[in-house]
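Structure, as structure tokens:
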Amino acid sequence: MVKFGSKDKRARLVLISSIATSLVLMNLFLLGTLLVNMYRGEVSYTMVDIAAGSIFVLVITMIISLSLWPRIIDRLESREKKKQ
């Protein structure tokens with residue numbers, strides 16, 4: 001069994017949580033745009049708009065979440081250390 005150091009575990013955890021956060025937010029964006037197109041009588045957004053918006057949301061949320069998740073993980077770890 002391969003053992004990873006704490007830095008490797010933290011980097012993987014940050015990457016996985018950032019990807020998960022970005023995918024959830026991108027799906028919310030897609031759901032919102034598709035619902036708007038369904039409930040209006042005319043097409044508000046074209047498929048190109050939806051695809052470009054989804055890529056934009058994915059990239060922006062990856063950038064933001066990659067900067068926020070390390071801070072969140074540090075706070076959670078410091079809480080655990082204070083409890084012990």
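Go through the range 7-29 residue by residue and tally those that are surrounded by 15 or more Cβ atoms within 10 Å (Cβ to Cβ) and at pLDDT 90 or above. So that I can check it myself, show each step before the final result.
Initial filter on the range 7-29 (surrounded by 15 or more Cβ atoms within 10 Å (Cβ to Cβ)): 10, 14, 17-19, 21-22, 25-26, 29.
Adding the requirement that they be at pLDDT 90 or above leaves 17-19, 21-22, 25-26, 29.
Going through the range 7-29 one residue at a time, the tally reaches 8.
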Return the pairs, sorted by first residue and then second, in which the second residue is aromatic (Phe, Trp, Tyr), the first residue lies in the range 46-68 and is farther than 19 Å from residue 12 by Cα, the beta carbons are less than 6 Å apart, and the residues are 6+ apart or on different chains. 57/29
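The values are calculated or read from the model by the stated rules, or taken from the named source; none is laboratory data. As the structure is a computational prediction, the values presented were derived from the model and not from experiment. All Cβ positions, even for glycine, are placed from backbone atoms using ideal geometry, and neighbour counts span all protein chains on display.
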